[in-house]
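Structure record follows, encoded as structure tokens.
The values are calculated or read from the model by the stated rules, or taken from the named source; none is laboratory data. Here the structure is a predicted model, which means the values were calculated and not measured. Counting neighbours? That spans all protein chains shown, and the Cβs are built from the backbone with ideal geometry, glycine included. Accessible surface is based on the protein model in full, side chains and every heavy atom, while ligands, DNA and RNA are left aside. Shrake-Rupley method; radii C 1.70, N 1.55, O 1.52, S 1.80 Å.
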Amino acid sequence: EPASPFAGAKFIDLAYPLNDTNQFWPGDDYSGFELKTIATLEEDGVLSKAMMLPEHLGTHLDAPNHFEPNQPDVASLTPEQLFGPGVLLDITVRAEMDADTMLTVDDITAWEKTHGRIPDGAIVLLKTGWGRHWKNTVRYQNRDARGQLHFPSFSAEAARFLVEKRKIRGLGVDNLSIDRGISKDFAVHHIVNKAGKFGLENVAYLDKLPPKGFQIL
């Protein structure tokens, strides 16, 4: 038998299990995860359930058609687009002091000075430290007195740099959005989606990843 190409590899699941504690985008017509039992082993000889959830709940992918017309939906993304070298950028320390902070091009340049150039076709993840608030909705949304969300994410400039100069496959973040909480124009979504790229939101367990040297599927 040929050796497995994954021999010696360590696998980390970057998705939260789906359940009714999952955070989701707090839109007006959105509601959380619901699970209903249709049949049980005791009564029916089989266990079967039905679920209902908004698309933007838990760990999920924003397809390119989310914010831009004439772009692929999730089903139209190829397997090749969904697999690539992983990169982890970290703004946790700054985010603790300023919830509205953004990843800048300077942050990327500084990361590359230490770790080398971000490879073409990478999937770039941003650690903001928000993962530690996953089970606390109030802290995760971090609203002010007016109800405005406050959490960090990518800047439009950083997103444009990664898309145009580093030819990334997609972006991901450990909170509700690849645009920060106070964003009104969702510039990062537009830049990423217009380029036919995807965004990953509420990505789990980023504290288990190194800055580079891993693959993402």
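Give me the residue from region 183-217 that is in a loop (DSSP other than H, G, I, E, B) and charged (D, E, K, R) and, out of that set, farthest from residue 142 (Cα to Cα). Full working, then the answer.
Here is the first cut: in region 183-217, the residues in a loop (DSSP other than H, G, I, E, B) are 183-186, 195-197, 202-205, 209-211, 217.
Next, only the ones that are charged (D, E, K, R) stay: 184-185, 197.
Working: 184: 16, 185: 19, 197: 28 Å.
Across region 183-217, the extreme among qualifying residues is 197.
Yes/no matrix, rows are residues, columns are (1) more than 19 Å from the chain's Cα centre (by Cα); (2) in contact (Cβ under 8 Å) with a residue 40 or more places away in the chain:
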{"site": "7", "(1), (2)": "yes, no"}
{"site": "10", "(1), (2)": "yes, no"}
{"site": "19", "(1), (2)": "no, no"}
{"site": "26", "(1), (2)": "no, yes"}
{"site": "33", "(1), (2)": "no, no"}
{"site": "40", "(1), (2)": "yes, no"}
{"site": "49", "(1), (2)": "yes, no"}
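May I ask you to verify whether residue 127 is crowded, with 17+ Cβ neighbours inside 10 Å, basic (Lys, Arg), within 17 Å of residue 59 (Cβ to Cβ) and within 15 Å of the chain's Cα centre (by Cα)? Can you show your working first?
Values: crowded, with 17+ Cβ neighbours inside 10 Å: yes; basic (Lys, Arg): yes; within 17 Å of residue 59 (Cβ to Cβ): yes; within 15 Å of the chain's Cα centre (by Cα): yes.
Yes.
Being open to solvent by 50 Å² or more (accessible area, probe 1.4 Å) and either under 18 Å from the mean Cα position of the chain (by Cα) or not small (Gly, Ala, Ser) (or both) narrows it down to one residue among 55, 68; which is it? It would help to see each step written out before you state the result.
Values: 68 fails: open to solvent by 50 Å² or more (accessible area, probe 1.4 Å).
When all the criteria are applied, what remains is 55.
Working only within region 2-29, note down all residues that are surrounded by 10 or more Cβ atoms within 10 Å (Cβ to Cβ) and either farther than 19 Å from residue 135 by Cβ or touching a Ser or Thr at 6+ places or on another chain (Cβ under 6 Å) (or both).
Selection gives 12, 15, 16.
Looking at region 27-36, is at least one residue among the hydrophobic types (A, V, I, L, M, F, W, C) and touching a Phe, Trp or Tyr at 6+ places or on another chain (Cβ under 9 Å)?
Going residue by residue through region 27-36, those that are among the hydrophobic types (A, V, I, L, M, F, W, C) are 33, 35.
Add one more test, that the residue is touching a Phe, Trp or Tyr at 6+ places or on another chain (Cβ under 9 Å), and what stays is 33.
Yes - at least one qualifying residue is present in region 27-36.
Which of the following residues is at pLDDT 95 or above, surrounded by 14 or more Cβ atoms within 10 Å (Cβ to Cβ) and more than 13 Å from the chain's Cα centre (by Cα): 140, 205? Write out each step before concluding.
Details: 205 fails: more than 13 Å from the chain's Cα centre (by Cα).
It is 140.
Hey, can you tell me all the residues within region 151-182 that are closer than 25 Å to residue 209 by Cα, part of a loop (DSSP other than H, G, I, E, B) and not small (Gly, Ala, Ser)?
151, 152, 165, 166, 167, 168, 169, 174, 175, 176, 178, 180
In region 130-161, how many are touching a His at 6+ places or on another chain (Cβ under 6 Å) and touching a residue at least 12 places away in the same chain (Cβ under 8 Å)?
2
Would you say residue 68 is closer than 21 Å to residue 176 by Cβ and in contact (Cβ under 8 Å) with a residue 12 or more places away in the chain?
Yes: the conditions hold for residue 68.
Check whether at least one residue in region 108-117 is open to solvent by 20 Å² or more (accessible area, probe 1.4 Å), farther than 16 Å from residue 159 by Cβ and in contact with a strand residue (DSSP E or B) (Cβ under 7 Å, 6 or more places away or on another chain), and report yes or no.
yes
Would you confirm whether any residue within region 33-45 is surrounded by 13 or more Cβ atoms within 10 Å (Cβ to Cβ) and under 23 Å from residue 187 (Cα atoms)?
no
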